[in-house]
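Single-structure report; data block below.
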């Protein structure tokens, strides 16, 4: 059985839990306190970060890598495009989200006012800039639910917690977010700590 070592408030772990529930597989989530990680996390992941997926002799870390493995191992429903060109474009967009948005998570959670303010402004600007893309691309607001939806959802869920206010320029983005948040797999994937993040 797959085991996912998952931070109870970690947005990257949230992604992996979401995919596991979306796939409806047999798995075990092992909740890990981010501030008191067991020593074996550093043994499994040299960066001592979560999530970590363990399946028999396989140990994986980094949420996008874990999620692609799960998607290939359990292909129904398929979350990455079957077409190689579309799959490459999806990977590029995932990479862009990591560089432009998720790279700010550590600063947003640092507790240091200057870092938080700078990261908050960056995320706000980038989401407003990207909102039209989210609302017009097939894999975002289209009928298909994909890995791109999985990747962005934990950040959108945490906007209030991070103090990110998007306002009218991103109204369509928040409508899109509410559609994801209403998915049964998303609701099941939430930890008790994550459920209280939104007002």
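The values are calculated or read from the model by the stated rules, or taken from the named source; none is laboratory data. Source: prediction; values computed, not measured. When we count neighbours, we look across all protein chains shown, and the Cβ atoms used for this are built from the backbone with ideal geometry, even at glycine.
Given the criteria over 24 Å from residue 57 (Cβ atoms) and either assigned by TED's automatic domain parsing to the domain that holds residue 154 or buried (at least 21 other Cβ atoms within 10 Å of the Cβ) (or both), does residue 14 qualify? Here the answer is yes, as residue 14 does meet what is asked. Only a single item in (1) surrounded by 15 or more Cβ atoms within 10 Å (Cβ to Cβ); (2) in contact with a strand residue (DSSP E or B) (Cβ under 9 Å, 6 or more places away or on another chain); (3) farther than 24 Å from residue 108 by Cα is not met by residue 28, and it is number (1). Regarding region 156-166, can at least one residue be identified that is assigned to a loop (DSSP other than H, G, I, E, B), within 14 Å of the chain's Cα centre (by Cα), at pLDDT 95 or above and outside the structural domain of residue 14 (by TED's automatic domain parsing)? Checking region 156-166: at least one residue is assigned to a loop (DSSP other than H, G, I, E, B), within 14 Å of the chain's Cα centre (by Cα), at pLDDT 95 or above and outside the structural domain of residue 14 (by TED's automatic domain parsing). Take the conditions (1) free of Cβ contacts under 8 Å to residues at least 60 places away in the same chain; (2) assigned by TED's automatic domain parsing to the domain that holds residue 11; residue 122 misses just one of them, which is (2). Flag: residue 51 matches the condition of being touching a residue at least 12 places away in the same chain (Cβ under 8 Å), under 24 Å from residue 9 (Cβ atoms) and crowded, with 19+ Cβ neighbours inside 10 Å.
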